[in-house]
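Written below as structure tokens is the structure these notes are about.
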């Protein structure tokens, strides 16, 4: 099967502090940097591996780009810091966070869209969103067992199903 996507990165995105607002802000910032994003649904997930009363909103994002992984990682780290994450705290991985952006996998050829989620990460709570997004990108059927969470940015709504959004170049 031929897939009409170029190389890019599969990312995990999450927030458990003001998650609706912060997921919206993360997507807005990614759209400022990249002209097109493909998104999984947004799932409501209890915290894993940390002691917290704040549930996460998590999603997978595919960014079609040829920038270096180090450049994308620097952008993600800067965005996390901008939204309030203390990246210098050695315990930041187990603390509540407004923004968590992880590069999960660099996609370099069509076969990469067929990979199972468990070969990409051991963060099992991301498996449903990864499997959904890769199925969406390769036009394969996918049935989610969990409803997506609606996120709004002005007139843009996403989160309830996998979708692709493009930067609005006509906005002032």
Any idea how many residues of the stretch 127-155 are surrounded by fewer than 18 Cβ atoms within 10 Å (Cβ to Cβ) and in contact with a strand residue (DSSP E or B) (Cβ under 7 Å, 6 or more places away or on another chain)? 2
Taking the stretch 2-35 and the residues there that are surrounded by fewer than 14 Cβ atoms within 10 Å (Cβ to Cβ) and out of contact with any strand residue (DSSP E or B) (no Cβ under 9 Å at 6 or more places or on another chain), the one that is nearest to residue 74 (Cα to Cα) would be 32
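Tell me, which residue of the stretch 57-81 that is in contact (Cβ under 8 Å) with a residue 40 or more places away in the chain and closer than 18 Å to residue 21 by Cα is surrounded by the fewest Cβ atoms within 10 Å (Cβ to Cβ)? Let's see the steps before the verdict.
So the first thing to find is which residues in the stretch 57-81 are in contact (Cβ under 8 Å) with a residue 40 or more places away in the chain, and the list is 57-66, 69, 72, 75-76, 79.
Among the residues that remain, those that are also closer than 18 Å to residue 21 by Cα are: 57-61, 76, 79.
Working: 57: 22, 58: 26, 59: 29, 60: 30, 61: 22, 76: 21, 79: 18.
If we take residues in the stretch 57-81 being in contact (Cβ under 8 Å) with a residue 40 or more places away in the chain and closer than 18 Å to residue 21 by Cα, then 79 is surrounded by the fewest Cβ atoms within 10 Å (Cβ to Cβ).
Report whether or not residue 38 is free of Cβ contacts under 8 Å to residues at least 60 places away in the same chain and either in contact with a helix residue (DSSP H, G or I) (Cβ under 6 Å, 6 or more places away or on another chain) or surrounded by 15 or more Cβ atoms within 10 Å (Cβ to Cβ) (or both). Talk me through it step by step, then tell me what you get.
Values: free of Cβ contacts under 8 Å to residues at least 60 places away in the same chain: no; either in contact with a helix residue (DSSP H, G or I) (Cβ under 6 Å, 6 or more places away or on another chain) or surrounded by 15 or more Cβ atoms within 10 Å (Cβ to Cβ) (or both): yes.
No, not satisfied.
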Write out, first by first residue and then by second, each pair whose Cβ atoms fall under 7 Å of each other, whose residues are 6+ apart or on separate chains, and whose first residue, in the stretch 116-143, is at negative phi and touching a residue at least 24 places away in the same chain (Cβ under 8 Å) while the second is in a helix (DSSP H, G or I) and surrounded by fewer than 16 Cβ atoms within 10 Å (Cβ to Cβ). 138/114
I'd like the full set of residues that are loosely packed, with under 13 Cβ neighbours inside 10 Å and in contact (Cβ under 8 Å) with a residue 24 or more places away in the chain, limited to the stretch 156-167. 166
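Any read-out appearing in this document is the output of simple, stated calculations on the displayed coordinates, not a laboratory observation. Note that the structure is a prediction, hence the values are computed from the model and not measured. Backbone-built Cβ (ideal geometry, glycine too); neighbour counts: all protein chains shown.
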